[in-house]
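The next block holds one structure in the form of structure tokens; read it before the comments.
The values are calculated or read from the model by the stated rules, or taken from the named source; none is laboratory data. Being a predicted model, the structure only gives us computed values, none of them experimental. Please note: Cβ atoms are built from the backbone with ideal geometry, for glycine as well, and neighbour counts cover all protein chains shown. Just so you know, the surface numbers come from the protein's heavy atoms only, side chains and all, with ligands and any DNA or RNA stripped out. Shrake-Rupley method; radii C 1.70, N 1.55, O 1.52, S 1.80 Å.
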Amino acid sequence: MGTKRRRQQRHGRWVVPPVAPAAAAFAAAGLLLLVVAFHCFLSPPLGAGGGGGRRPNPPFLLNKPGEPRRNLVGTVDFTVPSGGSKLGEELWVSKAAHSFVGCSDATSDFADAKAVTESNRYLMIATSGGLNQQRTGIIDAVVAARILNATLVIPKLDQASFWKDASDFEEIFDVDSFISSLSNDVKIIRQVPDRNGKAPSPYKMRVPRKCTPNCYENRVLPALLKKHVVQLTKFDYRVSNRLETDLQKLRCRVNYHALMFTDPIHKMGQMLVQRMRAKSGRFIALHLRFEPDMLAFSGCYFGGGEIERRELGEIRKRWTTLHASDPDRERRHGKCPLTPEEVGFMLRALGFGKDVHIYVASGDVYGGEETLAPLKALFPNFHSKETLASKEELEPFLSFSSRMAALDYVVCDGSDVFVTNNNGNMARMLAGRRRYFGHKRTIRPNSKKLSSLFFNRTSMSWDTFASKVRMFQKGFMGEPNEIKPGKGEFHEYPMDCICARTKRRTGHGKPYLSKSAGEGVDNHTSDAEFEWRDLDYGEITPLGGDSSNETDPDYSRIGGSDIPELEDIISD
């Protein structure tokens with residue numbers, strides 16, 4: 001016995017002295033328990049965001065996936081009730097939604113395309129990024145062609161960035177509908193007419209982000225008059241948010257009426273919506289955005305300790321120009337996506353019951369099933385396109401990332417409630433579309449306020465926590481009056497295309513002017529610089545070198561090195 005103890009002492013372990021009586025042993029054990037209890041009292045809550053040494057049970061927070069309850073110090077009851085809120089319909093549908101309607105018809109001052117289109121002016125567009133980032137480029141391509149009084153050639157989709165999708169425009173979008181429905185606005189053709197039996201070579205250039213009509217007239221029009229065929233490259237968010245009303249309405253006609261998915265994509269997406277409704281009369285669609293690349297690029301910390309720091313740190317090395325960030329500061333400023341568990345807690349706190357069905361649109365989630373387990377425990381009715389459809393049904397889409405993303409877009413658009421996790425391109429596009437078509441409920445986490453709440457949630461009861469979540473989410477629930485006029489990115493807040501209904505509910509009424517924004521709303525200025533943190537997964541991988549003959553001095557390389565500009569390391 002003594003030999004054993006001496007061996008244990010040599011290995012640095014605490015041992016009761018052989019001469020100590022039993023009472024001393026009990027006293028020592030009691031002292032050890034007091035030390036442990038005191039340490040637990042001073043320690044920060046499990047799962048708190050930010051850096052340092054805080055680390056929850058891997059990979060995230062729930063100790064028992066089937067039991068949404070936390071192990072807490074003290075007697076605070078944080079049991080999540082299984083039932084939903086008493087709010088009922090108000091949780092699913094905005095009371096004010098019926099008072100507004102989408103209105104994008106051109107005014108009488110907007111001349112027909114035939115009257116303004118100049119011959120021998122052809123505008124070609126090379127979009128950038130993945131599906132939804134390219135969608136913004138296609139919409140603005142129509143506006144740019146109208147500004148330049150040019151004929152638009154069907155835009156070329158980005159096939160070289162992260163997504164590696166070889167799909168052409170007509171394989172994702174209904175090209176005939178696109179051309180015909182915009183015929184009164186812009187002349188659109190499939191390809192530039194041959195000259196002397198040869199296809200003309202376009203003059204390639206790039207315009208700055210948020211380029212105004214004057215910018216296009218000063219930078220692009222001279223080249224168009226001289227070269228006749230101009231291609232604008234890396235074309236995404238290249239048109240100003242602030243345009244005259246008719247051009248804004250043109251944007252809406254393109255986005256909400258002309259740019260339709262092909263029949264195979266549309267039919268498959270609608271089939272997924274119908275299968276969700278067959279399981280439950282109504283459902284939530286969640287754009288989770290918790291993929292490894294997205295998390296690495298965000299510079300945030302999610303509680304996975306040194307393993308997470310090492311894994312995400314390795315991914316971050318792909319972007320040599322990415323600056324180091326302070327994870328604690330990023331979370332305090334609302335720049336970090338919520339974890340799947342945090343999203344689940346937010347939704348349950350808002351009043352959605354355990355029986356609600358959720359469709360999740362996401363790539364490969366960091367941490368896999370372990371990371372998703374807490375969310376699934378809170379919402380067991382958990383679905384995706386892979387669980388709703390067979391491999392045979394998905395086979396035509398599986399090899400094409402943009403077509404798979406398009407299916408998620410259709411289902412999210414068809415949901416009763418759409419939940420974003422920090423705005424990306426898909427979230428912004430869908431939020432604007434849902435506002436245009438009746439202000440369908442769209443929930444965006446107030447990450448800045450929620451981050452501190454999640455950090456301290458173990459010190460309060462569930463009822464207190466839920467009450468605070470509901471308070472912080474005012475102004476982030478997709479209500480018509482959430483943002484002030486003139487604020488917000490246009491694709492997310494297409495206010496020039498939303499009108500108040502008249503008393504008789506005939507016609508489109510007057511353009512919508514919202515009330516003051518709700519508490520805590522982020523009122524971005526219309527032409528604020530687009531933040532790289534607000535982009536979708538897959539919008540963050542460097543593209544290859546550009547072989548164009550771009551001569552704009554704004555895009556000269558720094559010090560002669562091949563340092564990509566911001567959008568080169570951001571694609572959808």
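Looking only at residues in segment 435-466 that are assigned to a loop (DSSP other than H, G, I, E, B) and among the hydrophobic types (A, V, I, L, M, F, W, C), which one is surrounded by the fewest Cβ atoms within 10 Å (Cβ to Cβ)? I'd like the intermediate steps shown before the answer.
From segment 435-466, those assigned to a loop (DSSP other than H, G, I, E, B) are 437-441, 444-446, 456, 460-461; that's our starting set.
Narrowing the set further to residues that are among the hydrophobic types (A, V, I, L, M, F, W, C) leaves 437, 460.
Numbers: F437: 13, M460: 16.
So the residue we want is F437.
Return yes when N425 is open to solvent by less than 10 Å² (accessible area, probe 1.4 Å) and under 30 Å from H98 (Cβ atoms) and no when it is not. Break it down stepwise before answering.
Numbers: open to solvent by less than 10 Å² (accessible area, probe 1.4 Å): yes; under 30 Å from H98 (Cβ atoms): yes.
Spelling it out, N425 is indeed open to solvent by less than 10 Å² (accessible area, probe 1.4 Å) and under 30 Å from H98 (Cβ atoms).
If I ask for residues that are open to solvent by less than 70 Å² (accessible area, probe 1.4 Å) and in a loop (DSSP other than H, G, I, E, B), which ones from segment 467-484 would you list?
Keep residues of segment 467-484 that are open to solvent by less than 70 Å² (accessible area, probe 1.4 Å), which gives 467, 469, 472-473, 475-483.
Result: Q473, G475, F476, M477, G478, E479, P480, N481, E482, I483.
If you check L388 against the conditions, is it touching a helix residue (DSSP H, G or I) at 6+ places or on another chain (Cβ under 7 Å), open to solvent by 10 Å² or more (accessible area, probe 1.4 Å) and modelled with pLDDT of 95 or more? Step through it out loud before you land on a result.
Details: touching a helix residue (DSSP H, G or I) at 6+ places or on another chain (Cβ under 7 Å): yes; open to solvent by 10 Å² or more (accessible area, probe 1.4 Å): yes; modelled with pLDDT of 95 or more: yes.
Yes, satisfied.
Is at least one residue of segment 332-340 in contact with a Ser or Thr (Cβ under 8 Å, 6 or more places away or on another chain), among the basic types (K, R), buried (at least 19 other Cβ atoms within 10 Å of the Cβ) and part of a loop (DSSP other than H, G, I, E, B)?
In the first step, residues of segment 332-340 are kept if they are in contact with a Ser or Thr (Cβ under 8 Å, 6 or more places away or on another chain); the result is 332, 334-340.
This time we only want the ones that are among the basic types (K, R), so: 332, 335.
From the residues that got through so far, the ones that are buried (at least 19 other Cβ atoms within 10 Å of the Cβ) too are 335.
Restricting the remaining residues to those that are part of a loop (DSSP other than H, G, I, E, B) gives 335.
Checked segment 332-340: at least one residue is in contact with a Ser or Thr (Cβ under 8 Å, 6 or more places away or on another chain), among the basic types (K, R), buried (at least 19 other Cβ atoms within 10 Å of the Cβ) and part of a loop (DSSP other than H, G, I, E, B).
Would you mind stating whether V360 is open to solvent by 10 Å² or more (accessible area, probe 1.4 Å) and modelled with pLDDT of 95 or more? Give the derivation first.
Working: open to solvent by 10 Å² or more (accessible area, probe 1.4 Å): yes; modelled with pLDDT of 95 or more: yes.
So V360 passes the test.
Could you list, ordered by first residue, the pairs with Cβ atoms under 8 Å in which the first is in segment 101-121 and more than 14 Å from R253 (Cα to Cα) and the second is open to solvent by 70 Å² or more (accessible area, probe 1.4 Å) and at pLDDT 95 or above, at least 6 apart or interchain?
That search, which allows pairs on different chains as well, returns D112/N184; A113/N184; A113/K187; K114/K187; T117/K187; R121/L225.
Conditions tested, residue by residue: (1) farther than 18 Å from N132 by Cα; (2) surrounded by 15 or more Cβ atoms within 10 Å (Cβ to Cβ); (3) among the small types (G, A, S).
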residue: C211; (1), (2), (3): yes, yes, no
residue: N218; (1), (2), (3): yes, no, no
residue: K227; (1), (2), (3): yes, yes, no
residue: F235; (1), (2), (3): no, yes, no
residue: Q270; (1), (2), (3): yes, no, no
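Taking only segment 133-160 into account, find how many residues are buried (at least 24 other Cβ atoms within 10 Å of the Cβ) and either farther than 20 Å from T117 by Cβ or at pLDDT below 95 (or both).
7
Among the candidates E314, E306, single out the residue that is part of a helix (DSSP H, G or I) and in contact with a helix residue (DSSP H, G or I) (Cβ under 9 Å, 6 or more places away or on another chain).
Details: E306 fails: in contact with a helix residue (DSSP H, G or I) (Cβ under 9 Å, 6 or more places away or on another chain).
Unique residue meeting the criteria: E314.
Tell me which helices (runs of 4 or more DSSP H) are completely within segment 211-289 and hold 1 or more residues being at negative phi and of a type in the set (F, W, Y), or say none if there are none.
Details: elements: 213-219, 221-227, 245-253, 263-279.
Here the list reads 213-219.
Among what's in segment 369-385 and is touching a helix residue (DSSP H, G or I) at 6+ places or on another chain (Cβ under 9 Å) and not hydrophobic (A, V, I, L, M, F, W, C), pick the residue that is surrounded by the fewest Cβ atoms within 10 Å (Cβ to Cβ).
Step one: of segment 369-385, the residues touching a helix residue (DSSP H, G or I) at 6+ places or on another chain (Cβ under 9 Å) are 369, 371-379, 381-385.
Next, only the ones that are not hydrophobic (A, V, I, L, M, F, W, C) stay: 369, 371, 374, 376, 381, 383-385.
Numbers: E369: 9, T371: 21, P374: 25, K376: 19, N381: 16, H383: 20, S384: 16, K385: 21.
The residue in question is E369.
Run down F100, F78, F110 and say which single residue is among the aromatic types (F, W, Y) and at pLDDT 95 or above.
Numbers: F100 fails: at pLDDT 95 or above; F78 fails: at pLDDT 95 or above.
Result of the check over F100, F78, F110: F110.
Among the residues of segment 391-422, which ones are modelled with pLDDT of 95 or more, open to solvent by less than 20 Å² (accessible area, probe 1.4 Å) and part of a helix (DSSP H, G or I)?
Answer for segment 391-422, where residues must be modelled with pLDDT of 95 or more, open to solvent by less than 20 Å² (accessible area, probe 1.4 Å) and part of a helix (DSSP H, G or I): L394, F397, A406, L407, D408, Y409, V410, V411, C412.
For residues in segment 272-294 being small (G, A, S) and over 20 Å from the mean Cα position of the chain (by Cα), which is least open to solvent (accessible area, probe 1.4 Å)?
Residues of segment 272-294 small (G, A, S): 278, 280-281, 285.
If we keep only those that are over 20 Å from the mean Cα position of the chain (by Cα) as well, we get 278, 280-281.
Values: A278: 88, S280: 27, G281: 63 Å².
Checking each candidate, the answer is S280.
Looking only at segment 472-485, count how many residues are farther than 23 Å from I358 by Cα and either over 22 Å from the mean Cα position of the chain (by Cα) or at pLDDT 95 or above (or both).
Step one: list which residues in segment 472-485 are farther than 23 Å from I358 by Cα, which gives 480-485.
Now restrict to residues that are either over 22 Å from the mean Cα position of the chain (by Cα) or at pLDDT 95 or above (or both): 485.
Looking only at that region, the number is 1.
Within segment 251-264, which residues are under 24 Å from the mean Cα position of the chain (by Cα), of a type outside the set (F, W, Y) and either over 18 Å from Q133 (Cα atoms) or open to solvent by 10 Å² or more (accessible area, probe 1.4 Å) (or both)?
The first filter runs over segment 251-264 and keeps only residues under 24 Å from the mean Cα position of the chain (by Cα), leaving 251-262.
Keeping just the survivors that are of a type outside the set (F, W, Y) gives 251-255, 257-260, 262.
Passing the criteria: R253, H257, M260, T262.
Cβ-Cβ below 7 Å, separation at least six or inter-chain, first residue in segment 354-378 and assigned to a loop (DSSP other than H, G, I, E, B), second surrounded by fewer than 24 Cβ atoms within 10 Å (Cβ to Cβ) and among the polar types (S, T, N, Q): which pairs?
Taking only residues 6 or more apart or on different chains, the pairs are K354/S82; D355/N381; V356/N381; V365/T371.
Out of the residues in segment 313-322 meeting the condition of being of a type outside the set (V, I, T) and touching a residue at least 24 places away in the same chain (Cβ under 8 Å), tell me which one is least open to solvent (accessible area, probe 1.4 Å). Break it down stepwise before answering.
Taking segment 313-322 as the starting set, the residues that turn out to be of a type outside the set (V, I, T) are 313-314, 316-319, 322.
When the remaining residues are screened for being touching a residue at least 24 places away in the same chain (Cβ under 8 Å), the result is 318-319, 322.
Details: R318: 128, W319: 9, L322: 33 Å².
Restricting to residues being of a type outside the set (V, I, T) and touching a residue at least 24 places away in the same chain (Cβ under 8 Å), the top hit is W319.
Looking at segment 103-120, which of its residues are crowded, with 20+ Cβ neighbours inside 10 Å and either of a type in the set (D, E, K, R) or over 30 Å from K234 (Cβ atoms) (or both)? Explain how you work it out, then say what you get.
Residues of segment 103-120 crowded, with 20+ Cβ neighbours inside 10 Å: 103-104.
Within segment 103-120, just C103 meets the criteria.
Between G344, G305, which is at pLDDT 95 or above, open to solvent by less than 10 Å² (accessible area, probe 1.4 Å), within 26 Å of S452 (Cβ to Cβ) and not aliphatic (A, V, I, L, M)? Reasoning before the result, please.
Values: G305 fails: at pLDDT 95 or above.
Criteria check complete, one pass: G344.
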